[in-house]
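Participant: Have a look at this one.
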Amino acid sequence: MIFITFTMNVFCTEVMQQLLPGQTPYDRPDIIARVFWQKYRAFIHEIEKDNIFGKTIARVSTVEFQKRGKYCIRIFDVNEYSCSYISLLSFRLHQ
């Protein structure tokens with residue numbers, strides 16, 4: 001089992017390049033959202049298709065919108081190496 005918190009620096013290069021002179025990232029939440037989702041999808045692709053943590057069996061994600069335009073995603077990933085642990089945990093919880 002892997003628990004990941006995925007956040008983004010709103011002052012990253014991808015966001016800053018899209019701003020007009022005098023704007024801050026907080027003036028353009030649409031750009032922050034677009035860049036964030038692109039980065040999130042790329043990360044999920046690495047987890048599920050490239051199997052960087054092992055073969056993914058299940059994934060649960062929640063999205064939080066934090067103060068000043070920041071997103072935060074919590075990812076709970078179950079891979080092939082953690083299945084026996086989850087079975088044991090499930091057995092113990094239901095006894």
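Participant: Set the Förster distance to 25 Å, then compute FRET efficiency between residue 45 and residue 11 from the Cβ-Cβ distance, nearest 0.05.
Facilitator: On the way: r = 24 Å, r/R0 = 0.98.
The pair residue 45/residue 11 has a calculated efficiency of 0.55.
Participant: Lys and Arg at +1, Asp and Glu at -1: add these up for the other residues within a Cβ distance under 14 Å of residue 58 and post the number. Please list the in-between numbers first.
Facilitator: Numbers: positive: 55, 59; negative: 48, 77, 80.
Spelling it out: positives minus negatives among the neighbours equals -1.
Participant: What's the ranking of 72-78, 38-44 by average number of surrounding C-beta atoms within 10 Å, highest first?
Facilitator: Working: 72-78: 16.3, 38-44: 13.4.
Packing proxy ranking, top to bottom: 72-78, 38-44.
Participant: Here's another thing I want to ask about it. Which of the lysines could a cross-linker bridge to residue 70, judged by Cα under 18 Å and excluding same-chain residues fewer than eight apart?
Facilitator: 39
Just so you know, all these numbers are worked out from the coordinates, no wet-lab data involved. Predicted model, so just to flag it, every value in this text is computed and none were measured. Neighbour counts run over all protein chains shown; Cβ positions are idealised from the backbone, glycine included.
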